[in-house]
Amino acid sequence: MLSVLCASLLLVAMDATILNVALPSLIDDMRPTALQQLWIIDIYGLVLGGLLVTTGAIGDRYGRKRLFLIGFVLFGVASVVAATATSPAVLIAGRVLLGIGGAMVMPSTLSLIRNIFTDPRERTVAIGIWAAVAGAGAAIGPLVGGALVEQFGWSAAFWVNVPVVVVTVVAGIRLLPEYKAAGTHALDWPSAVLSVVGIVALAWGIKHVAKGSPTLTDLVVLSIGLLVLVAFARRQLKLPDPLLDVRLFLSRPFTAAALTTLMAMLAAGAGLFLLSLWFQYVHGYSPFQAGLRTLPVALAMLVGALLAPRLMHRIGVRAVLCTGLVGLLAGFLLLAVAPQPTPYAYVAVFLALLGIGDGLAITAAAATLVSAVPAARAGQAGAVSETAYELGVGLGVALLGSVHGALYAARMPDTAPTLAHESIGGAKEAAETLAGPDGERLFAAARSAFDGALTTTAYVSAGIVAVVTVLVLWMVPRGFRATGSGH
């Protein structure tokens, strides 16, 4: 049963990052604008994150197995839509459908684990395996994507989903038990609308404000997102059976766990996205070669997630959460102080620290979130965990990717073409148009600007992680254990 859940989770997690190495090939084929490029990458995580609270509640009320299977079938259909897309708009639509399907699958995996494994120690180990698969999926996405893109083109990054979906759905029908909460009220659809609109508007607003020089529209959308989420929270406090029991966030360990998951995946999403571009544009590696060089993060994440249950038993949740965050902090500081041009040895150590930090932090955070709710409301814990996970990946690309883009543009010579200021991919295209010594000088300036922007972005990331680490130290009591009482 756990293998079926992990197989589905692996695909959904891979799709958050698999297009990172496929982006250059996709750009050459479809010629999307810089804004379309960002949407192609992060719309998946934003849609998925916006729907998770609603789908978690649907699973609790109408059956987690049923939701899981329907979502995974939709995921397969959406993969075909994306693979056969002939324009950026259709590809973005396919990614939206993938996000909807993934939103139905991801909370179901964690909530089913909560029901299947009733012993706290066994459940913690199962969550460790779950976290290892989730983290490894995001990490090996570039490797798998690189191999497929190099051999078959960017659409293969989506076609690979289809056979796995078919096998997993058949196995899930036969093996997975059904769970639904007894005595629940009907789904409160106004709450569902508020949660989706609030989360998506908030993420959209942050994404555009982070680009710099925000417009009035950007600020209005961001404000609407905040106001709608406040309205959602107030409505939940009045409902006898809320979509999300917001009182859970009064528990400081619960809030710290959600914040840790968000931060860990924000770091991973941004780091893998920027380094994929760095490998392919700055160093000229093929998609597969670029993916291969991200392998340290996948291996380290696997180690961290599998070590976390034993460490939690010995030293407690607080120490494991903070150790994971300190690993992220050390990685970003190392990347920030690396000489320029940055040697791969520094990048490899950064990826290893990123992986082990994420593995430790995400496993401890997921165990804390799941233990905070009764089994009948496990969908709520799954929704919070997966919302933080997916919004972290999406916001990492959007927020830190936009910060890096602004820094890159500022470092480019004023005389460079507008296209070269938009992205390093645009600089490559402009350099090829110029050709000769002028083109070489332009692309050399772009590589230098990208490297310098990466250094500054690493400092920004390190500062964010440091603040979150201090908050977690304050919020989680010494000796806190994720016992799984559910109350």
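The values are calculated or read from the model by the stated rules, or taken from the named source; none is laboratory data. Predicted, not measured: the structure shown is a model, and the values here were computed from it. FYI the Cβ positions are ideal-geometry reconstructions off the backbone, even for glycines, and counts take in every protein chain you see. The accessibility values were calculated without ligands, DNA or RNA, using every heavy atom of the protein model including side chains. Shrake-Rupley method; radii C 1.70, N 1.55, O 1.52, S 1.80 Å.
Computed values, structure above
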{"item": "Anisotropy class of region 344-396 from Cα gyration tensor, a/c 1.5 cut", "result": "oblate"}
{"item": "Relative contact order (%) - criterion: Cα under 8 Å, at least six apart; region: region 1-102", "result": "31 percent"}
{"item": "In degrees, nearest ten, helix 189-210 long axis to first principal axis of the chain (Cα)", "result": "30 degrees"}
{"item": "Residue-by-residue Karplus 3J(HN,Hα) for region 326-343, coefficients 6.51, -1.76, 1.60, Hz, glycine and proline x", "result": "5, x, 4, 4, 4, x, 5, 5, 4, 5, 5, 8, 5, x, 10, x, 5, x"}
{"item": "Length-normalised contact order for region 58-183 - Cα pairs under 8 Å, 6+ apart - percent", "result": "41 percent"}
{"item": "Set of aspartates and glutamates with alpha-carbon distance to residue 65 below 16 Å, sequence-local pairs under 8 removed", "result": "178"}
{"item": "Under the Karplus curve 6.51 cos²θ - 1.76 cosθ + 1.60, θ = phi - 60°, whole-Hz ³J(HN,Hα) for region 309-325, x wherever Gly or Pro sits", "result": "x, 5, 5, 4, 5, 8, 10, x, 5, 4, 5, 5, 4, 5, 4, x, 5"}
{"item": "Enclosed volume per residue, in Å³, of the convex hull spanned by Cα atoms of region 272-365", "result": "81 Å³"}
{"item": "Separation of alpha-carbon centers, region 84-109 and region 368-417, rounded to whole Å", "result": "17 Å"}
{"item": "1.4 Å probe accessible area per residue over the chain, in Å²", "result": "37 Å²"}
{"item": "Per DSSP, loop trypsin sites (Lys or Arg not before Pro) in region 29-75 with at most 16 further Cβ within 10 Å", "result": "none"}
{"item": "Helix-only CD estimate at 222 nm, as mean residue ellipticity for the chain, using -39500 (n - 2.57) per DSSP H run (n ≥ 4)", "result": "-27000 deg cm²/dmol"}
{"item": "Amide H contacts of residue 85 (H built 1.01 Å from N, under 5 Å, at least 5 apart or other chain)", "result": "none"}
{"item": "Percent RCO, i.e. relative contact order, over region 262-358, from Cα pairs under 8 Å lying at least 6 residues apart", "result": "43 percent"}
{"item": "Efficiency of FRET from Cβ geometry, residue 448 and residue 223, R₀ 41 Å, rounded to 0.05", "result": "0.60"}
{"item": "Hull volume in cubic angstrom per residue (convex hull over the Cα atoms of region 1-84)", "result": "97 Å³"}
{"item": "Surrounding net charge for residue 103, when Lys and Arg each add one and Asp and Glu each subtract one, Cβ distance under 13 Å", "result": "-2"}
{"item": "Candidate residues 208, 283: accessible-area rank, largest first, probe 1.4 Å", "result": "283, 208"}
{"item": "Kirkwood hydrodynamic radius of the chain, Cα pairs, Å", "result": "22.3 Å"}
{"item": "Residue 89 paired with residue 344, simple spin-label distance in nm, labels 7 Å along Cα-to-beta-carbon", "result": "4.2 nm"}
{"item": "Kirkwood Rh, angstrom, region 229-331 [1 / mean 1/r, Cα pairs]", "result": "16.7 Å"}
{"item": "For region 141-178 and region 269-313, distance of Cα centres in Å", "result": "20 Å"}
{"item": "Two-site FRET efficiency, residue 118 against residue 310, from Cβ-Cβ distance with R₀ of 25 Å, rounded to 0.05", "result": "0.80"}
{"item": "Packing-based ranking, highest mean first, of 348-355, 118-125 given that Cβ atoms within 10 Å are counted", "result": "348-355, 118-125"}
{"item": "Using a Förster distance of 41 Å, the FRET efficiency for residue 250-residue 178 (Cβ separation, nearest 0.05)", "result": "0.80"}
{"item": "Using θ = phi - 60° and Karplus 6.51 cos²θ - 1.76 cosθ + 1.60, couplings along region 462-473 (whole Hz; Gly, Pro as x)", "result": "4, x, 5, 4, 4, 4, 5, 4, 5, 4, 5, 4"}
